[in-house]
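Visitor: Can you read through this structure? Questions will come right after.
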Amino acid sequence: MSTTVRREPSKSDAGKAQGPAQDYRDQRLNGSSNSEYLYPPVNITETGDSFVLEAEMPGVNKEGLEITLEGNELTILGRRAPENMNAHLVYRESRPFDYRRVFEIDPSIDSSKISARMEQGVLYLTLPKAEKVKPRKIEVMA
């Protein structure tokens, strides 16, 4: 079977390995050239009936999540809840950027039945296979 989901290439793809939270500048969103996002790390598994995409987006809750499907382009946008710091920040390793990832969905996916759930900072997207591509047993007639 062909590749079902492909990630969006970034400007840093040329000759570089992708880290689990590779950042990039998206110049198309809201017409702004200063919007920075992180690529959420993603795992994709296949079952007999569907593909399951898991995207790690710590700090994002259900209200901050936006998933859109236009044609065969699936976009995941996760906005982190604003931090309420009542103290002076001394040191920070995490970056306060939002997450964004775009995938090209294969036509063998039944896009009308895609479902999503968010659980402890992990997005689970179920991408069901269309009936016509599911394996089936063919009965032999005598």
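Visitor: Can you name the strands (runs of 3 or more DSSP E) wholly within segment 86-134 that have at least 2 residues being under 15 Å from THR47 (Cα atoms) and either more than 19 Å from the chain's Cα centre (by Cα) or of a type in the set (A, V, I, L, M, F, W, C) (or both)? Talk me through it step by step, then tell me what you get.
Guide: On the way: elements: 98-105, 115-119, 122-128.
In segment 86-134, the matching strands (runs of 3 or more DSSP E) lie at 122-128.
Visitor: Please go through segment 97-142 and pick out each residue that is touching a helix residue (DSSP H, G or I) at 6+ places or on another chain (Cβ under 6 Å) and among the acidic types (Asp, Glu). Write out each step before concluding.
Guide: As a first pass, look at segment 97-142 and keep what is touching a helix residue (DSSP H, G or I) at 6+ places or on another chain (Cβ under 6 Å): 108, 128.
Passing the criteria: none in range.
Visitor: Restricting to segment 61-87, name every residue that is modelled with pLDDT under 90, surrounded by 10 or more Cβ atoms within 10 Å (Cβ to Cβ) and among the small types (Gly, Ala, Ser).
Guide: Result: ALA81, single match.
Visitor: Looking at VAL102, VAL90, VAL122, can you tell me which residue is modelled with pLDDT under 95 and of a type in the set (Val, Ile, Thr)? Walk me through it before giving the result.
Guide: Numbers: VAL102 fails: modelled with pLDDT under 95; VAL122 fails: modelled with pLDDT under 95.
Exactly one of VAL102, VAL90, VAL122 is modelled with pLDDT under 95 and of a type in the set (Val, Ile, Thr), namely VAL90.
Visitor: Then there's this: Return only the number of the condition from (1) surrounded by 12 or more Cβ atoms within 10 Å (Cβ to Cβ); (2) farther than 26 Å from MET57 by Cβ; (3) in contact (Cβ under 8 Å) with a residue 24 or more places away in the chain that GLY121 does not satisfy.
Guide: Tallying (1) surrounded by 12 or more Cβ atoms within 10 Å (Cβ to Cβ); (2) farther than 26 Å from MET57 by Cβ; (3) in contact (Cβ under 8 Å) with a residue 24 or more places away in the chain, GLY121 fails exactly one: (2).
Visitor: Being free of Cβ contacts under 8 Å to residues at least 12 places away in the same chain and out of contact with any strand residue (DSSP E or B) (no Cβ under 7 Å at 6 or more places or on another chain) is the filter here; which residues of segment 64-86 pass it? Walk me through how you get there before you give the answer.
Guide: Just the residues of segment 64-86 that are free of Cβ contacts under 8 Å to residues at least 12 places away in the same chain, to begin with: 68, 70-71, 82, 84-86.
Answer for segment 64-86, where residues must be free of Cβ contacts under 8 Å to residues at least 12 places away in the same chain and out of contact with any strand residue (DSSP E or B) (no Cβ under 7 Å at 6 or more places or on another chain): GLU70, GLY71, PRO82, ASN84, MET85, ASN86.
Visitor: Filter segment 21-58 for residues that are in a loop (DSSP other than H, G, I, E, B), of a type in the set (S, T, N, Q) and modelled with pLDDT under 50; which is surrounded by the fewest Cβ atoms within 10 Å (Cβ to Cβ)?
Guide: Of segment 21-58, the ones in a loop (DSSP other than H, G, I, E, B) are 21-22, 26-28, 32-35, 39-41, 47-49, 57-58.
Okay, now just the ones that are also of a type in the set (S, T, N, Q), so 22, 27, 32-35, 47.
Next cut, modelled with pLDDT under 50 only: 22, 27, 32-34.
Numbers: GLN22: 17, GLN27: 12, SER32: 11, SER33: 10, ASN34: 8.
Here the residue is ASN34.
The values are calculated or read from the model by the stated rules, or taken from the named source; none is laboratory data. In this text the structure is predicted, and so the values were computed from the model without any measurement. All Cβ positions, glycine included, derive from the backbone under ideal geometry; neighbour counts span all protein chains shown.
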